[in-house]
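Enquirer: Okay, here's the structure, questions in a sec.
We did not get these values from a lab; they are worked out from the coordinates using the rules stated. Just so we're clear, the structure is a prediction, and the values are computed from it rather than from any experiment. Positions of Cβ are backbone-derived with ideal geometry, glycine not excepted, and every protein chain shown enters the neighbour counts.
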Amino acid sequence: MVNGQPGLVSQQHGVIVTVFAFDVAGDRIKHIWVVRDPEKRRRRTT
């Protein structure tokens, strides 16, 4: 989960490089948010 939404975390050599969050309605994805800014990714907790 990313900010309460289904999400995906992409890592390279053990370092998070991209975080995706999906806004899902029914069986469809309505919006995809992508964060690559290192300052914003650093605040992520598991």
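Enquirer: Exposure proxy check: Asp37, Asp27 ranked by fewest other beta carbons within 10 Å?
Expert: Final ranking by Cβ density, sparse to dense: Asp27, Asp37.
Enquirer: Between Trp33 and His13, what is the spin-label point distance in nm, taking each point 7 Å from the Cα along the Cα→C-beta axis?
Expert: 2.9 nm
Enquirer: For the pair Ala25 and Asn3, what calculated FRET efficiency results from E = 1/(1 + (r/R0)^6), where r is the Cβ-Cβ distance and R0 = 22 Å, to the nearest 0.05? Could you put the intermediate results ahead of the total?
Expert: Working: r = 17 Å, r/R0 = 0.75.
Given R0 = 22 Å and the Cβ-Cβ separation, E is 0.85.
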